[in-house]
Structure formats: C-alpha cells, structure tokens
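Novice: I have a structure here, written as structure tokens, and I will follow up with some questions on it.
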Amino acid sequence: MDNFFKKFDSSLIIIEEKINFLFMLIEIVFGLIALLLIIWVYGFVRRNLGIDKQTKELKKIREILEQNLKK
C-alpha cells in the first residue's frame, strides 16, 4: 500500500509541475503582449505629436516649398 501512495504522490508532483509551467508560459505571453502594447502606444504618441523624423522632415519640406512659392 505504501508503494501505491509513492506512485500517486509522484504523479501529483508531475501534474503540479506541468500546471506551474503552463502558468509561467501564460505570464510570459501576457508580458510580451504588454511590452508590444507599450511599444505601440509610444510609436502612436510620437507619430501623432509630430516628434518622429518623418514628420519633422515633412515640416521642413513644407516650409521650403512655402518660401519658394512666396518668392
């Protein structure tokens, strides 16, 4: 009977390790999603505030064209 409980206990330990591994994977996935969301929000804010390089270059080009049209 003692041997049965050892096998049962080892089975429970294996099941517990697998469940812990699944929770760890879920935490990693949520962490990656949160990181991607933060990166996306940062890029979105930069684009909409006009802080990125392309927007700055477009402003310079627009100013040059306006100066040429005024002359």
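Novice: When the chain is treated as a GNM, springs tying every alpha-carbon pair under 10 Å, which of Ile26, Ile13, Ile39 comes out with the largest mean-square fluctuation?
Specialist: Checking each option, the largest mean-square fluctuation is seen for Ile13.
Novice: Okay, next question. Rounded to the nearest 500 deg cm²/dmol, what is the calculated helix-only ellipticity per residue at 222 nm for the chain, with -39500 (n - 2.57) per DSSP H run of length n ≥ 4?
Specialist: Result for the chain: -34000 deg cm²/dmol, rounded to the nearest 500.
Novice: Right, something else. Using alpha carbons only, what's the Rg to Rh ratio of the chain with Rh from Kirkwood?
Specialist: Reported Rg/Rh (Cα atoms, Kirkwood Rh): 1.66.
Novice: Moving on to the next point. Whole-Hz ³J(HN,Hα) for each residue in the stretch 21-36, computed from phi via Karplus 6.51 cos²θ - 1.76 cosθ + 1.60 with θ = phi - 60°, x for glycine and proline: what do you get?
Specialist: Result, ordered by residue: 5, 5, 4, 5, 4, 5, 5, 5, 4, 5, x, 5, 4, 4, 5, 5 Hz.
Novice: Of the options Ile19, Phe5, Leu36, report the single residue whose Cα projects farthest towards the positive end of the charge dipole of the chain (beta-carbon charges: Lys, Arg +1; Asp, Glu -1).
Specialist: Comparing the listed Cα positions along the dipole, Leu36 ranks first.
Novice: What do you get for the angle between helix 53-70 and the principal long axis of the chain? Use alpha-carbon atoms, 0 to 90 degrees, nearest ten.
Specialist: Value to nearest ten degrees: 10.
Novice: Rounded to the nearest 20 debye, what is the charge dipole size of the chain about its Cα centre when +1 sits on each Lys and Arg Cβ and -1 on each Asp and Glu Cβ?
Specialist: The dipole of the chain has a size of about 940 debye.
Rule-based calculations on the coordinates, nothing more; no lab input. On a predicted model such as this, the values are computed, not experimentally measured, just so you know. With ideal geometry, Cβ positions are generated from the backbone for all residues, glycine too; neighbour counts draw on all protein chains shown.
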